[in-house]
1. For the range 495-516, what are the residues that are among the aliphatic types (A, V, I, L, M) and open to solvent by 10 Å² or more (accessible area, probe 1.4 Å)?
2. Where the second residue is part of a strand (DSSP E or B) and at pLDDT 95 or above and the first is over 15 Å from K103 (Cα atoms) and lies in the range 180-197, which pairs have Cβ atoms under 7 Å and are six or more apart or on separate chains?
3. Of the numbered conditions (1) outside any strand (DSSP E or B); (2) at pLDDT 95 or above, L70 satisfies every one except a single condition; which is it?
4. In the range 35-65, which residues are part of a helix (DSSP H, G or I), hydrophobic (A, V, I, L, M, F, W, C) and touching a Ser or Thr at 6+ places or on another chain (Cβ under 6 Å)?
5. Report yes if V52 is buried (at least 16 other Cβ atoms within 10 Å of the Cβ), at pLDDT 95 or above and touching a strand residue (DSSP E or B) at 6+ places or on another chain (Cβ under 7 Å), otherwise no.
6. List, please: which pairs have Cβ atoms under 9 Å, are six or more places apart or on different chains, and start with a residue in the range 416-430 that is over 28 Å from Q312 (Cα atoms) and end with one that is among the aromatic types (F, W, Y) and open to solvent by less than 10 Å² (accessible area, probe 1.4 Å)?
7. Go through Y80, Y89 for me and flag whichever is more than 30 Å from T429 (Cβ to Cβ), open to solvent by less than 50 Å² (accessible area, probe 1.4 Å) and either aliphatic (A, V, I, L, M) or over 17 Å from the mean Cα position of the chain (by Cα) (or both).
8. From the list D109, D101, pick out the single residue that is modelled with pLDDT of 95 or more, open to solvent by 10 Å² or more (accessible area, probe 1.4 Å) and either of a type in the set (S, T, N, Q) or assigned to a loop (DSSP other than H, G, I, E, B) (or both).
Amino acid sequence: MFSLRKSVATMAAAASVAGLLGATTASAETLSVVMHSDLKILDPIWTTAYIVRNHGYMVWDTLFAMDDKLEVKPQMLEKYEVSPDKLTYTFTLRDGLEWHDGKPVTSADCIASIKRWGAKDSMGQSLMARVAELKKVDDKTFTMVLKEPYGLVLQSLGKPSSNVPFMMPERVAQTDPNTQIKPEDVIGSGPFVFKADEWKPGEKTVYVKNAKYKPRSEPASSFAGGKVAKVDRVEWRVLGDHQTAVNALLNGEVDMLESPPHDLLPVLAKDKNVKLFSGNPLGNQYTFRFNTLHKPFDNPKVRQAVLYAFNQKDFLDAVIGDAKWYKECKAMFVCGTPLATDKGWEDKLNSNFEKSKALLKEAGYDGTPVVLMQSTDLAVLTNLAPVAKNLMERGGFKVDMQSMDWQTLVSRRAKKDPPDKGGWNAFLTSWVAADILNPVMAGFFNAGCDKAMFGWPCDEQIQKLRDDFAKETDPAKQKAIAEAVQVRVTEYPTHVHLGQWYSPMALRSNVDGVLQAPAPVFWNVTKK
């Protein structure tokens with residue numbers, strides 16, 4: 001992070017960025033936003049990247065949605081029914097749902113979309129393993145028949161974050177889930193329409209109001225309720241750096257910054273024309289992800305050494321800085337939630353370098369360099385990898401840190417190639433807390449080998465515990481199972497959690513109606 005003093009001086013001397021934006025002020029009909037990352041990938045099923053999830057919420061809609069009380073509500077559905085034996089769910093779509101190309105949304109579209117999502121997403125895989133049949137009844141109605149009762153059906157279909165079960169046209173949803181959809185196939189039924197002809201990666205992404213969208217009658221609440229687009233056009237702008245973006249907001253040349261740098265929050269808070277809005281009270285969790293396919297992290301004991309080398313505070317201080325915006329937390333399922341516990345982690349994340357070195361010696365570590373990918377263009381991630389490199393080297397590892405932009409990292413992490421052939425050993429990222437509240441929904445706990453997320457951990461014990469959690473309905477027993485998962489991850493590490501952090505959006509004072517949600521959404525937003 002650059003220093004606050006330097007930032008203020010730089011901004012004071014900076015020229016206006018109006019030339020970059022093509023106007024001196026953002027227009028009243030257009031909401032101009034600087035997002036946390038550039039949008040270079042368009043398929044929210046192919047990747048879990050949050051910028052693509054955010055794009056998904058602009059374009060597509062969901063059968064169910066989570067409201068601001070974390071309750072799952074019908075969204076595209078008029079109604080749903082559950083049979084007395086809890087094996088058959090019947091879903092009926094609302095009247096008047098249309099794709100952006102004018103064709104009606106049908107049950108066949110939804111069935112194909114659920115199947116594609118269910119092949120890729122951790123929670124979707126757990127659900128689909130229990131589905132005997134998805135069957136069309138008529139154009140508006142379909143059924144889901146289960147092999148056994150499953151208590152997470154609605155929570156799965158209403159999953160709020162990556163991967164979100166977005167409904168797509170059948171022909172699009174028939175795309176292999178490991179193949180990205182094409183720009184011309186970004187056709188949704190949601191409140192905004194993606195302008196493929198104006199999409200310029202590195203410059204801007206454009207959405208326009210879907211005039212045919214029929215919102216629900218209920219008030220908007222997080223991802224649920226009436227998604228009323230109140231601006232005609234939303235532009236996601238890409239600016240050169242964080243200083244330029246902050247200066248643009250202060251000058252009224254953009255309307256919103258999704259993720260302003262933490263060391264500039266005091267500057268923004270002092271400006272009478274800017275306001276800070278904390279839309280995600282549960283916050284986020286930093287995570288270090290292992291690739292278990294290749295040396296040296298194919299050995300669980302080598303991965304265990306990382307648990308002892310790391311501490312959370314160094315990571316949080318390097319990126320967030322102000323303790324007002326972070327929390328050290330050894331609970332993998334987020335502090336302040338029903339499943340929060342330190343169990344298994346009491347003696348870890350304390351930078352015990354001698355213990356780390358001892359484990360590496362026991363494991364027979366031969367000095368194979370860890371290829372650590374560093375994202376350089378996201379303020380909330382950039383400084384994580386250098387801290388990891390330093391702590392790992394002090395703990396006895398050799399580390400080859402390779403720098404790249406976030407979208408390049410997202411593409412590379414999907415590769416299973418050896419690290420010296422374009423693959424990787426580790427990277428750092430961040431999860432929205434709403435994504436990781438239990439071991440079924442949290443994707444990095446999926447240890448299903450080839451069906452697991454990038455990193456591809458493979459452990460029958462973790463998988464059985466996750467399955468047990470999904471079947472259990474008693475909260476006390478669920479917590480015991482979650483604790484067992486957390487302990488097992490110390491024996492067979494899949495990832496390392498590195499603390500919770502919080503970040504407000506920065507808005508111009510004339511922007512209102514921004515909703516509290518785990519991801520930024522742009523319906524209900526007005527601009528005076």
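1. M505, V514, L515
2. If the second residue must be part of a strand (DSSP E or B) and at pLDDT 95 or above, the pairs left are F192/Y207; F192/V208; F192/K209; F192/V234; F194/Y207; K195/V206; K195/Y207; K195/V208.
3. (2)
4. Result: I51, single match.
5. When the stated conditions are applied, V52 does not pass them.
6. Filtered contacts from the range 416-430: D417/W424.
7. Y89
8. That would be D101, the only listed residue that is modelled with pLDDT of 95 or more, open to solvent by 10 Å² or more (accessible area, probe 1.4 Å) and either of a type in the set (S, T, N, Q) or assigned to a loop (DSSP other than H, G, I, E, B) (or both).
The values are calculated or read from the model by the stated rules, or taken from the named source; none is laboratory data. Model, not experiment: these values are computed from the prediction. Note: ideal-geometry Cβ built from the backbone for every residue, glycine included; neighbour counts use all protein chains shown. With ligands, DNA and RNA removed, areas are computed over all heavy atoms of the protein, side chains included. Shrake-Rupley method; radii C 1.70, N 1.55, O 1.52, S 1.80 Å.
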